[in-house]
Amino acid sequence: GEHCASTSNRNFEGRQGSGGRTHLVSPAMAAAAAIAGHITDVRTLD
């Protein structure tokens with residue numbers, strides 16, 4: 001399935017689509033995921 005990094009304060013089954021997984025993250029972690037192209041730890045970016 002698909003994975004989504006979201007800064008939303010709500011998460012429930014099916015919110016981002018059928019079969020998808022939503023990971024609630026901070027704005028910094030969302031930016032890190034956008035830069036890396038996958039969910040990653042912001043502390044690993046240089």
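The values are calculated or read from the model by the stated rules, or taken from the named source; none is laboratory data. All of these numbers come straight from a predicted model, not from anything done at the bench. Glycine also receives a Cβ, built like all others from the backbone with ideal geometry; neighbour counts cover every protein chain displayed.
Observations on the structure shown:
- From R15, R10, R43, residue being among the charged types (D, E, K, R), at pLDDT below 85 and exposed (fewer than 12 other Cβ atoms within 10 Å of the Cβ): R10
- Qualifying position, being part of a strand (DSSP E or B) and either aliphatic (A, V, I, L, M) or modelled with pLDDT of 85 or more (or both), among H38, H23: H23
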